[in-house]
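Chemist: Can you keep this structure in mind? I'll have questions shortly.
The values are calculated or read from the model by the stated rules, or taken from the named source; none is laboratory data. Note that the coordinates shown come from a computational prediction; the quantities given were computed from them, not determined experimentally. Reconstructed Cβ throughout: ideal geometry from the backbone, glycine too, with neighbour counts over all protein chains shown.
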Amino acid sequence: MDIDLHSAPVQQALPAVRELLKGRSKLLCFGDRLLLAALALGQIFQDGLMGACTSEQEALAHAAQAPDLVLVTEDLEQGYGISLVRELRQRWPQCICLLFLRRETQEVVREALDAGAQGVIFVSSLGSGEGDFMKAIARTLEGGTYFPGPVRDAAAFHPDDEAEGLEALDQLSSREQEVLQALSEGYCNREIAQRLFISQETVKTHVSTVISKLGVRDRTQAAVMALRMGLLSAV
């Protein structure tokens, strides 16, 4: 796994991301010790770093203080990154989890999405337009999700899911469908308001209604449901 912290795109995005990270606690849990050390010592995460670890058990011990942002790799020295994300999201629902996957199968991607990660990136996509590390951090910190094209494609619905997906979609008004699509594309409330030319308060109301009608816990689960059931293709 390679994240070039000195690349031009990263350096260009750094001021905005650093501002978003200000005052927020961070936890890093990677199986790659060299990358873990590079990130832990880097200027992006040094301030407010709660812990840097390589095992699921260590991460949960550090997370007792309820971190704001957690970066996790699928492969750890001990434990499993997706299980860690699931546990973190169950204990601390407000925790933002960004998960890096080495395996790109539908089974693994759906497992990661079901665990509640607000951002999922394939390791093979890092550094490309479909694996923008800084964009993932910024988007999730602003309340959105980050599921780039390759992740969405891998999670795509099975034909057997289509009827269930369309039934769920039928519960929503046309405006609510537009909001759901925007959620699935990762937009935060501010961006949805700009996109649909409505106020952020109206967006909040629509998001709450969508969550209620779909019977999910939060906006991340609503976005995941849309991806899994193929709702995006029907909107």
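Chemist: Find the residue count for region 110-124, including only residues that are of a type outside the set (Phe, Trp, Tyr) and in contact with an Asp or Glu (Cβ under 9 Å, 6 or more places away or on another chain).
Modeler: Step one: of region 110-124, the residues of a type outside the set (Phe, Trp, Tyr) are 110-121, 123-124.
Subsequent filtering for residues that are in contact with an Asp or Glu (Cβ under 9 Å, 6 or more places away or on another chain) retains 112, 115-116, 121, 123-124.
Going through region 110-124 one residue at a time, the tally reaches 6.
Chemist: Restrict the check to region 175-191 and report whether at least one residue is crowded, with 16+ Cβ neighbours inside 10 Å, modelled with pLDDT under 90, part of a helix (DSSP H, G or I) and touching a Phe, Trp or Tyr at 6+ places or on another chain (Cβ under 8 Å).
Modeler: yes
Chemist: Taking the residues in region 116-133 that are crowded, with 20+ Cβ neighbours inside 10 Å and within 23 Å of Ile192 (Cβ to Cβ) as candidates, determine which candidate is modelled with the lowest pLDDT.
Modeler: Top of the filtered list is Asp132.
Chemist: Considering only strands (runs of 3 or more DSSP E) fully contained in region 22-73, which possess at least 2 residues that are closer than 13 Å to Cys97 by Cβ?
Modeler: In region 22-73, 26-29, 69-73 are the strands (runs of 3 or more DSSP E) which contain 2 or more residues that are closer than 13 Å to Cys97 by Cβ.
Chemist: Another question, if that's okay. Going by what's in this entry, would Glu104 be described as free of Cβ contacts under 8 Å to residues at least 60 places away in the same chain, outside any loop (DSSP other than H, G, I, E, B) and over 26 Å from Arg18 (Cα atoms)?
Modeler: So Glu104 does not fit the description; no.
Chemist: Out of all the residues in region 128-135, is one or more basic (Lys, Arg) and under 16 Å from Val17 (Cα atoms)?
Modeler: Checking region 128-135: at least one residue is basic (Lys, Arg) and under 16 Å from Val17 (Cα atoms).
Chemist: Looking at (1) modelled with pLDDT of 65 or more; (2) of a type in the set (S, T, N, Q); (3) over 24 Å from Val85 (Cβ atoms), which is the one condition that is false for Ser25?
Modeler: Against the list (1) modelled with pLDDT of 65 or more; (2) of a type in the set (S, T, N, Q); (3) over 24 Å from Val85 (Cβ atoms), Ser25 comes up short only on (3).
Conditions (1) more than 21 Å from Ala40 (Cα to Cα); (2) out of contact with any Phe, Trp or Tyr (no Cβ under 7 Å at 6 or more places or on another chain), marked per residue:
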{"position": "Ala66", "(1), (2)": "no, no"}
{"position": "Leu84", "(1), (2)": "no, yes"}
{"position": "Glu87", "(1), (2)": "yes, yes"}
{"position": "Gln94", "(1), (2)": "yes, yes"}
{"position": "Leu99", "(1), (2)": "no, yes"}
{"position": "Thr105", "(1), (2)": "yes, yes"}
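Chemist: What's the number of the condition Leu113 fails, among (1) over 23 Å from Ile44 (Cβ atoms); (2) surrounded by fewer than 18 Cβ atoms within 10 Å (Cβ to Cβ)?
Modeler: (2)
Chemist: Can you find a residue in region 58-71 that is of a type outside the set (Gly, Ala, Ser), within 26 Å of Val109 (Cβ to Cβ), surrounded by 15 or more Cβ atoms within 10 Å (Cβ to Cβ) and more than 20 Å from the chain's Cα centre (by Cα)?
Modeler: Yes, region 58-71 contains a residue that is of a type outside the set (Gly, Ala, Ser), within 26 Å of Val109 (Cβ to Cβ), surrounded by 15 or more Cβ atoms within 10 Å (Cβ to Cβ) and more than 20 Å from the chain's Cα centre (by Cα).
Chemist: What number of residues within region 110-146 satisfy the criterion of being touching a strand residue (DSSP E or B) at 6+ places or on another chain (Cβ under 8 Å) and hydroxyl-bearing (Ser, Thr, Tyr)?
Modeler: Result for region 110-146: 3.
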